[in-house]
1. For segment 171-275, which fully contained strands (runs of 3 or more DSSP E) count at least 3 residues that are over 22 Å from Pro86 (Cβ atoms) and not small (Gly, Ala, Ser)?
2. Being at pLDDT 90 or above, outside the structural domain of Gly381 (by TED's automatic domain parsing) and either in contact with a Ser or Thr (Cβ under 6 Å, 6 or more places away or on another chain) or surrounded by fewer than 12 Cβ atoms within 10 Å (Cβ to Cβ) (or both): is that true of Leu576 here?
3. Can you name every residue in segment 328-349 that is hydrophobic (A, V, I, L, M, F, W, C) and surrounded by 18 or more Cβ atoms within 10 Å (Cβ to Cβ)?
4. What are the residues in segment 449-458 that are assigned to a loop (DSSP other than H, G, I, E, B), of a type outside the set (S, T, N, Q) and exposed (fewer than 12 other Cβ atoms within 10 Å of the Cβ), if any?
5. Going through segment 278-319 one residue at a time, which ones are more than 18 Å from Asp346 (Cα to Cα) and among the charged types (D, E, K, R)?
6. Name the residues in segment 215-232 that are in contact with a Phe, Trp or Tyr (Cβ under 8 Å, 6 or more places away or on another chain) and under 28 Å from Gly77 (Cα atoms), would you?
7. Please go through (1) surrounded by fewer than 24 Cβ atoms within 10 Å (Cβ to Cβ); (2) of a type outside the set (A, V, I, L, M); (3) over 19 Å from the mean Cα position of the chain (by Cα) for Asp300 and return the number of the only condition it doesn't satisfy.
Amino acid sequence: MSYPFQVRSMEQYEKAYKASVDEPEAFWASVAENFKWRKKWNKVLEWNFTEPKIEWFKGGKLNITENCIDRHLETLGDKPAFIWEPNSPDDRVRVVTYNRLHKRVCQFAQVLKNNGVKKGDRVCIYMGMIPELAYAVLGCARIGAIHSVIFGGFSAQSIADRLDDAKAEYIVTCDGAFRGGKDIPLKSVIDDALIGNKTVKRVIVYTRTRTPVSMIKGRDVWWEDEMEYAETQVEKDGIVSFSAEEMDAEDPLFILYTSGSTGKPKGVVHTCAGYMIWTTYTFVNVFQYKPGDIHFCTADIGWITGHSYIVYGPLSAGATSVMFEGIPTWPDAGRFWDIVDKHKVDILYTAPTAIRSLMGFGLEPLKGKDLSSLKILGTVGEPINEEAWHWYDENVGKKKCPIVDTWWQTETGGTLISNLAGVTPAIPSWASLPLPGVQPLLVDENGKEVLPTPSENGKLIASGNLCIKFPWPGILRTTWGDHERCRQNYFAAYPNLYFTGDGALKDEKGNYRITGRVDDVLNVSGHRIGTAEVENAINMHAGVVESAVVGYPHDIKGQGIYAYVVFGPKHGDEDLTRKDILQTVSRVIGPIAKPDKVQFVPGLPKTRSGKIMRRILRKIAEGEISNLGDTTTLLDPAVVEEIKKGKI
């Protein structure tokens, strides 16, 4: 498969970028021509950022699974779509060819249909990292159902909130999942989430860990039984067929929940055509993918990275992806390197958190591992620090592999700012240049554009809030069931701009360096967690009066969670109370949101109007105790001294 839209030189990048800004509709129409359409679009783009209203390829009809699977069958049918590496290195690797993927997706689409799922219905998917998760996602897309994948580490309460928000009537799950040395009891978590639920009609359960589970008559069915029956329906004389639902370009494809600055998770909605084109375009260009390359994205499909760069982007490009069930440090810290060696991986795409964690084990785990197949390295989820960048470059890439430092978000669908591997320059810890179609700018708090000015080292640098002034095909369209929330979160801060929530630097050559969140959202191990969400969970503990949560620098995670907790009179054993609070957060949100540090304090620094001064708490957590600024305006300045004394 060739990619006419692949940018292969700096000159081509400059030409493509200029065309994408000068004539965006003509530019994206020429890219869209390379996909399979049932009916061509009437209009490439209609938009305004005020409502907001964004429509790409209006009037176009297609099905994303025909682009991800069917169109490859004639030429790539026997080629691997997925190479599945199980949690335990002793278990059997599964290779899923495009032909096999087609059969399984058609089968599961039939299973969904047999169980009453229709176009537009919401299907919640809560599974481990197994090929069946991809079949479930693509099976939904094939019949036009809207999938909402929930990461396997979220708690029953978090799932219940998401089910309620999406009004999901169907769930696909497993009995359990393997993750490192742990068995995660997925079905029992779903059972807890469904207590009191009145909307879910069917739960389809795949057998993975053989954990004993409760199966409720009339509601719960086994995946294997359903698939066996569906096979007789979709396969006749060796020919598999299941007609894909015709979808409008702007029909919703999936909902993915992300933390916001308020406690309630928000369901980001991506649509069929624009998302497909953006993930494919960015996949092919950022990673400079060549047919036959083995692409290993280490993310979980429960996050946007897995959606875009394990499932949709690579499959639409006819690529081969490694899908990994386990974790990088189990059974030892050489697991990634074993997988690269075993499958002759060409492209490795992982998180700075994973790199920093593996750095801590030294070079011993790399010994004896053949990494010579690697051509391109990538990072995702958070800015990568220079020390980790150089370690990755020297010890994994052997200084011969370009590193792409990709910046993007759940809301953007795919990469917005990144160097293109070996094509545009890489600068350690800088995301660098925007992709064609992306028009970023930095603004101050009043929305005025900030331009580069001379810095201490003589370079021209601008610093401000990162916004985008023009839509790209993969931009979110709304937040599920609450369009006003979408407007408020992303388009209300600065008129006619999409606000990313991140701060950034920009140099005189137009390169960007992301400096981190500027709102009340933390970036922990590449996952966004709202401070309000964690505070709400802490406050559910019976003895907690109130709490405040801030981020602080963490050697491995990038950002850690520091919680200041005002506890009631019956304090008891401080360590036990701390553990109880952590357990409460785990139960309400999931282990991913557990604070790294919990400091008990007599009160919180507040203004006279009752607003908590998180700026002061952040500085204390970061160790900047001598530089807290003016505290005289606080209701009780003495409380700050008490907090400083008790810093953990």
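1. 252-258, 266-271
2. For Leu576, the condition - at pLDDT 90 or above, outside the structural domain of Gly381 (by TED's automatic domain parsing) and either in contact with a Ser or Thr (Cβ under 6 Å, 6 or more places away or on another chain) or surrounded by fewer than 12 Cβ atoms within 10 Å (Cβ to Cβ) (or both) - is met.
3. Those that are hydrophobic (A, V, I, L, M, F, W, C) and surrounded by 18 or more Cβ atoms within 10 Å (Cβ to Cβ): Ala333, Phe336, Trp337, Ile339, Val340, Val345, Ile347, Leu348.
4. Selection gives Glu456, Gly458.
5. Asp300
6. The answer is Trp223, Glu224, Met227, Ala230.
7. Result: Asp300 fails condition (3) only.
One line per residue, one yes/no per condition, for (1) in contact with a helix residue (DSSP H, G or I) (Cβ under 6 Å, 6 or more places away or on another chain); (2) at pLDDT 90 or above; (3) part of a loop (DSSP other than H, G, I, E, B); (4) among the small types (Gly, Ala, Ser):
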site	(1), (2), (3), (4)
Pro471	no, yes, yes, no
Asp502	no, yes, no, no
Ala532	no, no, no, yes
Ala542	no, no, yes, yes
Val550	yes, yes, no, no
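The values are calculated or read from the model by the stated rules, or taken from the named source; none is laboratory data. Not measured: the values here are computed from a predicted model. Virtual Cβ from ideal backbone geometry, glycine too; neighbours counted across all protein chains shown.
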